[in-house]
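Data first, discussion second: the structure below is written as structure tokens.
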Amino acid sequence: MGGICDIGIVGLAVMGQNLALNIARKGFNVAVFNRTASRTQDFVKERVKDETIFPAYEVEEFLSLLAPPRRVMLMVKAGQPVDDFIQLFAPHLSSGDLIMDGGNSYYRDTDRRTKEAEDKGFFYLGVGISGGEYGALHGPSIMPGGHREGYLMVKDILEKAAAQAEDGPCCTYLGPGSAGHFVKMVHNGIEYAFMQSIAECYHLLREVEELPAPSIGQIFEEWNKSEDLNSYLVEITAQVLQYIDPDTGKPLVDLILDQAEQKGTGKWASQVALDLGIPTPTINQSVIARNLSSFKEERKRISALFPREEAEKSDALSLHLEKALFLSELAAFCEGFHMLQEASSEFSYNLNLSEVARIWKGGCILQARLLNRIQEALKEEPGLLFTSPLFLEKVKDCLPSLRQACTLALRGGIPVPALSASLSYFDSWKREWLPANLTQAQRDFFGAHTYRRIDREGVFHTIWQKEEKE
Ligand code: 6PG
């Protein structure tokens with residue numbers, strides 16, 4: 001005997017509530033369960049109207065509401081709670097049932113859980129969901145990976161719940177195991193980089209041009225109209241900078257403490273990129289910038305020890321920054337897709353990178369008009385995006401502006417870790433020769449690590465120092 005619900009959602013924090021409402025509004029019957037019963041009661045009382053949402057207060061009751069094979073989506077905090085809920089449900093599930101994890105889980109945990117589910121005869125999907133509370137309710141970008149059979153059981157539900165771009169739902173099966181959560185982790189790494197680059201442009205306009213926040217907001221509003229920069233993050237930046245605090249009449253952003261927090265997905269992206277040996281400097285520097293921002297007291301103390309450099313005025317600063325921000329955003333996407341390409345072969349995800357770009361076009365934090373071109377470029381040649389004919393001339397055109405913005409910042413003592421990391425990223429790729437020969441010589445000097453020569457085949461070691469006389 002099975003119930004009538006197409007899917008069950010576990011965890012009724014805002015993301016879980018909104019996803020349940022979204023799916024129910026697409027015509028599905030949704031069972032909901034939360035460990036604390038009062039939250040389920042409040043949800044049903046306060047937010048459920050005509051939606052076909054069925055609350056349950058016990059595990060057995062919840063599972064009995066689901067039509068077989070049962071489909072359960074966990075919307076709980078990443079980490080131990082995911083394992084706890086799987087353990088809670090597993091004894092009551094049957095072979096062929098599906099468990100999905102819609103949180104920001106670490107990809108290695110997802111690999112382990114996929115294997116454990118497989119051993120028990122269940123299907124498992126690690127589902128990256130981006131778009132915050134709004135996206136969950138109105139259509140997020142959904143990045144599922146795991147058992148393909150499991151995906152087919154929920155394809156219709158997920159694709160209808162996802163944001164709809166002009167060329168289809170922002171949801172597709174990405175690959176086996178942790179493919180979905182890996183893609184979401186990289187999404188978040190790029191998110192950090194784009195956010196940090198935006199923050200640095202704001203910093204420069206504030207310090208060099210001495211513009212008030214609402215005026216900077218208007219610049220972002222203009223940028224958001226352009227083909228290159230139109231994006232969710234630029235759009236919300238424009239709104240944030242123009243928001244006036246009703247209590248004080250001041251721009252609210254000026255009243256917010258300058259310490260950025262993080263839940264860890266950007267840090268994971270950096271760590272994994274280092275493990276994979278893929279250069280992701282813009283992403284890495286953005287994680288570091290958040291870390292450094294947290295040392296507020298120390299920064300306060302140290303700032304008093306140094307004289308302040310005078311920033312030079314520049315007439316065309318906002319024009320340079322517009323191009324600089326575009327290049328930094330592009331660098332972050334290049335780094336992210338490079339990482340995905342490597343992970344795809346390393347972990348046998350068999351990712352379709354163009355499809356990844358496609359499902360990021362709507363619903364998610366990274367949605368941007370630029371993704372149309374990225375999607376096209378990735379159809380042609382996977383690899384370093386900026387070398388695609390769709391970007392190469394553009395990069396050449398924007399590089400002097402990125403260089404100009406960084407020069408101005410460096411001279412004025414204004415930190416631009418993400419913008420300057422992007423600049424060095426492009427500058428490094430376009431150098432045939434880099435000074436790594438010296439690094440190799442040093443390694444050989446102190447550790448006999450050997451080196452290769454450009455004029456002969458083979459591996460060499462040199463006694464660099466004349467032996468000291470005893
Ligand atoms: C999304 C976001 C989201 C993220 C939070 C907080 O795609 O909707 O990436 O999943 O977890 O925005 O992230 P941080 O606390 O790490 O900034």
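Step by step: first the residues of segment 36-50, then only those that are in a helix (DSSP H, G or I) and among the acidic types (Asp, Glu), then the one that is most open to solvent (accessible area, probe 1.4 Å). Which residue is that? Filtering first and then ranking leaves 46. Given 267, 225, 250, which one is at pLDDT 95 or above, closer than 23 Å to residue 327 by Cα, away from the ligand (no atom under 14 Å from the Cβ) and basic (Lys, Arg)? Just a single option satisfies the conditions, and that option is 225. Would segment 198-206 turn up any residue that is open to solvent by 10 Å² or more (accessible area, probe 1.4 Å) and more than 23 Å from the chain's Cα centre (by Cα)? For segment 198-206, residues open to solvent by 10 Å² or more (accessible area, probe 1.4 Å) and more than 23 Å from the chain's Cα centre (by Cα): present. Residues in segment 1-34 that are under 29 Å from the mean Cα position of the chain (by Cα) and in a loop (DSSP other than H, G, I, E, B) were compared, and the one that is farthest from residue 129 (Cα to Cα) is 34.
Within segment 375-416, if we keep just the residues that are of a type in the set (A, V, I, L, M, F, W, C) and within 20 Å of residue 345 (Cβ to Cβ), the residue that is farthest from the chain's Cα centre (by Cα) turns out to be 377.
With respect to the conditions (1) open to solvent by less than 40 Å² (accessible area, probe 1.4 Å); (2) within 16 Å of the ligand (Cβ to nearest atom), residue 177 lacks only one, and its number is (2). Suppose the filter is in contact with a Pro (Cβ under 8 Å, 6 or more places away or on another chain) and in a helix (DSSP H, G or I); does residue 189 pass it? No: the conditions fail for residue 189. Inside segment 306-356, residues that are basic (Lys, Arg) and buried (at least 18 other Cβ atoms within 10 Å of the Cβ) make up a count of 1.
I'd like the residue in segment 118-131 that is farther than 17 Å from residue 7 by Cα and buried (at least 23 other Cβ atoms within 10 Å of the Cβ) and, out of all such residues, is farthest from the ligand (Cβ to nearest atom). Ranking the qualifying residues of segment 118-131, first place goes to 128.
Checked against (1) of a type in the set (A, V, I, L, M); (2) more than 16 Å from the ligand (Cβ to nearest atom); (3) closer than 30 Å to residue 78 by Cα, residue 211 passes all but a single condition, namely (3). In this structure, does residue 134 turn out to be surrounded by fewer than 21 Cβ atoms within 10 Å (Cβ to Cβ), within 28 Å of residue 220 (Cα to Cα) and either within 16 Å of the ligand (Cβ to nearest atom) or not β-branched (Val, Ile, Thr) (or both)? The answer is yes for residue 134. Of the helices (runs of 4 or more DSSP H) that lie entirely inside segment 196-313, those containing 1 or more residues that are under 21 Å from residue 405 (Cβ atoms) span 213-223, 232-242, 281-293.
When residues in segment 358-390 are screened for being within 16 Å of the ligand (Cβ to nearest atom) and of a type outside the set (D, E, K, R), 10 of them pass.
Scanning segment 314-359 for residues that are assigned to a loop (DSSP other than H, G, I, E, B) and of a type in the set (A, V, I, L, M) returns 316, 351.
Check segment 280-287 and report whether any residue there is away from the ligand (no atom under 16 Å from the Cβ), at pLDDT 95 or above and open to solvent by 60 Å² or more (accessible area, probe 1.4 Å). Among the residues of segment 280-287, not one is away from the ligand (no atom under 16 Å from the Cβ), at pLDDT 95 or above and open to solvent by 60 Å² or more (accessible area, probe 1.4 Å), which makes the answer no. Of all residues in segment 151-162, which are in contact with a helix residue (DSSP H, G or I) (Cβ under 7 Å, 6 or more places away or on another chain) and either within 16 Å of the ligand (Cβ to nearest atom) or under 14 Å from residue 364 (Cβ atoms) (or both)? Hit for segment 151-162 is 161, nothing else.
When only residues in segment 137-150 that are in contact with a Gly (Cβ under 7 Å, 6 or more places away or on another chain) and within 16 Å of the ligand (Cβ to nearest atom) count, which is farthest from residue 168 (Cα to Cα)? Among those residues, the one meeting the criterion is 145. Scanning segment 402-459 for residues that are polar (S, T, N, Q) and within 19 Å of residue 206 (Cβ to Cβ) yields a total of 3.
The values are calculated or read from the model by the stated rules, or taken from the named source; none is laboratory data. Predicted model only: the values in this text are computed from it and were never measured. Glycine also receives a Cβ, built like all others from the backbone with ideal geometry; neighbour counts cover every protein chain displayed. With ligands, DNA and RNA removed, areas are computed over all heavy atoms of the protein, side chains included. Shrake-Rupley method; radii C 1.70, N 1.55, O 1.52, S 1.80 Å.
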